[in-house]
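K.L.:
Would you mind keeping the following structure in view while I ask a few things?
The values are calculated or read from the model by the stated rules, or taken from the named source; none is laboratory data. For clarity, every value in this text was computed on a predicted model and none was experimentally measured. Here Cβ is always computed from backbone atoms with ideal geometry, including for glycine, and neighbour counts include all displayed protein chains. The accessibility values were calculated without ligands, DNA or RNA, using every heavy atom of the protein model including side chains. Shrake-Rupley method; radii C 1.70, N 1.55, O 1.52, S 1.80 Å.
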Amino acid sequence: MRKQSNHIHKLKRHKYPSGNAIYFCTLPDCNFKIDAALALGKRALCNICNTEFIMTEYSIKLVRPHCPDCGKVKVKDADGRNRYIKKVTNKILVGVAIESSQDLRSRLDNATTTELEDDI
Ligand SMILES: [Zn+2]
Ligand SMILES: [Zn+2]
């Protein structure tokens, strides 16, 4: 048996039929498991880009948690429907909106998440 692991865990969510959700490490030779709720504030490896990040209230809801840079953001499109778009795309959209839209302010208020604000 290995003792304490010395890596940053790469987490995947698993939900039991009982409704309890846990995260377990998907790396070889690692049996790490943690209650989903208790993963908050823990270091983890991004499932998309493999960089280390801290689990947030948002990421502990994801099946494959990823770092903020790989996140998608929820925005409202012109018809007022919610859409999830990649952040990189979103930056471009916001840039366009700044030039072309008078109601950017209200639109941003609808669309903004704390993640998005970091970029502005
Ligand atoms: Zn691990
Ligand atoms: Zn990432």
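K.L.:
Out of segment 28-53, which residues are farther than 16 Å from His7 by Cβ, of a type in the set (A, V, I, L, M) and within 16 Å of ligand 2 (Cβ to nearest atom)?
P.N.:
Within segment 28-53, just Ile48 meets the criteria.
K.L.:
Still on this structure, please answer the following. When you go through (1) within 16 Å of ligand 2 (Cβ to nearest atom); (2) at pLDDT below 95; (3) surrounded by 13 or more Cβ atoms within 10 Å (Cβ to Cβ) one by one for Lys86, which number turns out not to apply?
P.N.:
It fails just one condition, (3).
K.L.:
Sticking with this structure for a sec: Filter segment 57-79 for residues that are at pLDDT below 90 and either open to solvent by 30 Å² or more (accessible area, probe 1.4 Å) or among the aliphatic types (A, V, I, L, M) (or both) and give the result.
P.N.:
Answer for segment 57-79, where residues must be at pLDDT below 90 and either open to solvent by 30 Å² or more (accessible area, probe 1.4 Å) or among the aliphatic types (A, V, I, L, M) (or both): Pro68, Asp69, Cys70, Lys72, Val73, Lys74, Val75, Lys76, Asp77, Ala78, Asp79.
K.L.:
Answer yes if at least one residue in segment 8-18 is in a strand (DSSP E or B), among the small types (Gly, Ala, Ser), away from ligand 2 (no atom under 16 Å from the Cβ) and over 24 Å from Lys86 (Cα atoms), and no otherwise.
P.N.:
Scanning segment 8-18, I find no residue that is in a strand (DSSP E or B), among the small types (Gly, Ala, Ser), away from ligand 2 (no atom under 16 Å from the Cβ) and over 24 Å from Lys86 (Cα atoms), so the answer is no.
K.L.:
Under the condition of being more than 11 Å from ligand 1 (Cβ to nearest atom) and farther than 18 Å from Cys67 by Cα, which residue from segment 20-56 is farthest from the chain's Cα centre (by Cα)?
P.N.:
Asn20
K.L.:
Sticking with this one: Select, from Glu52, Glu57, the only residue that is in contact with a Lys or Arg (Cβ under 8 Å, 6 or more places away or on another chain) and among the acidic types (Asp, Glu).
P.N.:
Criteria check complete, one pass: Glu52.
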